[in-house]
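Take a look at the structure below.
The values are calculated or read from the model by the stated rules, or taken from the named source; none is laboratory data. Owing to the predicted nature of the structure, the values given are computational and were not obtained by experimental measurement. Ideal geometry is used to build each Cβ from the backbone, glycine not excepted, and the neighbour counts take in all protein chains shown. Note: areas computed on protein heavy atoms with side chains; ligands, DNA, RNA excluded. Shrake-Rupley method; radii C 1.70, N 1.55, O 1.52, S 1.80 Å.
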Amino acid sequence: MDDHLIQVFSNVGMISFIALSAYVLLLTGEISFGQQAFFAISAYASGIATAMWGWAFWPGLVWGAAVAGAAAFLLAWPTLRMRGLYFAIGTLAFAEMVRLIFEIFRYQVEIEGELVGPDGSEGFRGIRYIFESDISATQYMLIIYLLLSAVLAFLFAIERTRLGAIFRMLGEDELLAEMQGVNRTYYKVMATVIAGVIAGIGGALYAHMNTYIEPKIFNVMLGVHSLAYGLIGGLGTAFGPLIGVGLDIGLLESTRIFTGYRMVVFGGLVALLLIFRPRGLLDEAAVHAIKSLWRRFLPAAQTQRSNNRAPD
Amino acid sequence: MLELDGLTKHFGGVRAVDKLSLSVKEGEIFGLIGPNGSGKSTTVNLICGVFPVTAGSIRFAGADITAAQPHQALAAGVVRTFQNIRLFSNLTVWQNLWVAQNGMESRKSENFLKRWLSGDAPARRSVEELLEFAGLIGRRDEYAGNLSFGEQRRLELGRALAAKPKMLLLDEPAAGMNLEEVGHLDQRLRKLVERGVTILLVEHVMELVMGVTDRIAVLNFGQKIAEGTPAEIQNDKAVQEAYLGGSSGS
């Protein structure tokens, strides 16, 4: 693979994390414009850990995701008392707040005669762990996709359990879900934290691939895109948001065909889909249909699956 | 089993429910009737924790559930149905019953790995029983949104049962049903009582209320104006003035 292609695939992989993060909240019926905040928090936290504290990459990544999860937990308590539109505005305000804090956040130490660390709006340079450890771009891409597969496996496992059912119940009719015994606050906080951690993994990967991060990368457009990916690709399965990312980053941004018109094409695509397929290309009905088709063509597998299958 | 004591709910200046006291005994079907806006649905909402109570108390099976959240009321055994049908219309009949069962189970009883591997076999079996009770076996894979009105009502009832209630609050279950369907509902309610479920029935359809209930309380403007057996209520002067007299009885 040539370098450009590796770059494109790595970007698609990293952005997929934030798209999946928004997707988890969309499942529970909440629209968040603020997932970029957790992406940013983890990018900074993991960068600080590896570049300034001398940690290795993996502990740094876990630390970044954990800090993002903790931030999500802190955000969840006040904002989940808000519903619908108010929650969306609340998350947007939170994300902007986080970004503005990073604009003034200075924390630098001298390493080998050079100042390293976040320098307010000048950004955070020198997150060079990956390059210093001789990890090639191809290897890093594999790391990204390894982690992405793990997150996907986790989300598919959730879909099979009552947790997945509860998320979708909350998404469809919150009051009815509560009347069926769902502790709304508990599960919404849980979804927010899961979403924060997933975005955090992406943020840590992003910081280490680019070696340089600055607050303005994590502006609201990143959050808007991450929402749009789920809406384009579909909310029926975790593959949906990936399709959205693939279309946008893989097709629109990375090929030169739409240079300068990317946002026009992307915006138009979102508008069309919201009219014709309000829950995305792979919505619940599409997933249901694909699964029934699958079962019809695999009658042997069917007997085994029917004993063993959670609802679609 | 259920005791309301001085239950009061104000919405701004409106006294939707005003010092309502009543007691429902275990195993009975208790009717709650009254003209539109008399506070019946608000009472149901208060009992299952949708709104906070302004004053008074709610006791259920010996425990105080006045301040219970909806999921806590449900865990105590109070389950409701809705005046307007409320189903997950994008899920199939089977899935609606499946999730209803899942919602209520306590988190602690969940052995994640074991349940995941077995695909929840016991839960599946009880969904089958519920399908049979609701008379919807043949419609199991239909989306709930595509069912007929009567079938949706039956699914609601089956779903309420999935939570293994000690007490069912039925908010106008016969609304919009024809007489034949009302007759079937009558039989289903009696079957429920045989299973040991206590029922609080909020209803406008007098054929059902007068036929099936053991006792009735009548609300008007949030206050209880009468309580007694169906025969007593039919002969009550205050009730006739407030309700039956004005609206010819059905």
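With the structure loaded, tell me whether A:ARG83 is assigned to a helix (DSSP H, G or I), within 30 Å of A:THR185 (Cα to Cα) and of a type in the set (D, E, K, R) or whether it fails that test.
Against the criterion (assigned to a helix (DSSP H, G or I), within 30 Å of A:THR185 (Cα to Cα) and of a type in the set (D, E, K, R)), A:ARG83 does not qualify.
Which ones in the stretch B:132-144 are assigned to a helix (DSSP H, G or I) and buried (at least 20 other Cβ atoms within 10 Å of the Cβ)?
If the condition is that a residue be assigned to a helix (DSSP H, G or I) and buried (at least 20 other Cβ atoms within 10 Å of the Cβ), then B:ALA134, B:ARG139, B:ALA144 are the ones that fit.
In the stretch A:146-183, what count of residues is obtained for those that are over 18 Å from the mean Cα position of the chain (by Cα), open to solvent by less than 30 Å² (accessible area, probe 1.4 Å) and in contact (Cβ under 8 Å) with a residue 60 or more places away in the chain?
Of the residues in the stretch A:146-183, 3 are over 18 Å from the mean Cα position of the chain (by Cα), open to solvent by less than 30 Å² (accessible area, probe 1.4 Å) and in contact (Cβ under 8 Å) with a residue 60 or more places away in the chain.
In the list A:GLU172, A:GLU178, which residue meets the criterion of being out of contact with any Phe, Trp or Tyr (no Cβ under 9 Å at 6 or more places or on another chain) and within 11 Å of another protein chain (Cβ to nearest Cβ)?
A:GLU178
Does A:LEU252 fit the bill of being touching a residue at least 60 places away in the same chain (Cβ under 8 Å), in contact with a helix residue (DSSP H, G or I) (Cβ under 7 Å, 6 or more places away or on another chain) and not aromatic (Phe, Trp, Tyr)?
No, not satisfied.
Suppose the filter is out of contact with any helix residue (DSSP H, G or I) (no Cβ under 7 Å at 6 or more places or on another chain) and either within 14 Å of chain B (Cβ to nearest Cβ) or in a helix (DSSP H, G or I) (or both); does A:MET97 pass it?
yes
Scan the stretch A:279-300 and give yes if some residue there is in a helix (DSSP H, G or I), aromatic (Phe, Trp, Tyr), at pLDDT 85 or above and open to solvent by 80 Å² or more (accessible area, probe 1.4 Å), otherwise no. Steps first, please.
As a first pass, look at the stretch A:279-300 and keep what is in a helix (DSSP H, G or I): A:284-297, A:299-300.
So of that shortlist, the ones also aromatic (Phe, Trp, Tyr) come out as A:294, A:297.
Those left that are additionally at pLDDT 85 or above: none.
The answer is no; no qualifying residue exists.
Looking at (1) buried (at least 24 other Cβ atoms within 10 Å of the Cβ); (2) outside any loop (DSSP other than H, G, I, E, B), which is the only condition A:GLU30 fails?
Status for A:GLU30: all satisfied but (2).
For the stretch B:137-166, what are the residues that are closer than 15 Å to B:ILE29 by Cβ and in contact with an Asp or Glu (Cβ under 9 Å, 6 or more places away or on another chain)?
Scanning the stretch B:137-166 gives a single hit, B:LYS166.
Taking B:SER57, is it under 26 Å from B:PRO230 (Cβ atoms) and in the same structural domain as B:VAL239 (by TED's automatic domain parsing)?
When the stated conditions are applied, B:SER57 does not pass them.
Those residues that are of a type in the set (Phe, Trp, Tyr) and open to solvent by less than 40 Å² (accessible area, probe 1.4 Å), I need them from the stretch A:186-205; list them, please.
Result: A:TYR187, single match.
Only one of (1) free of Cβ contacts under 8 Å to residues at least 40 places away in the same chain; (2) open to solvent by less than 10 Å² (accessible area, probe 1.4 Å) is not met by A:ILE213, so which one is it?
(1)
All but one of (1) open to solvent by 60 Å² or more (accessible area, probe 1.4 Å); (2) in contact (Cβ under 8 Å) with a residue 12 or more places away in the chain hold for A:ILE143; which doesn't?
(1)
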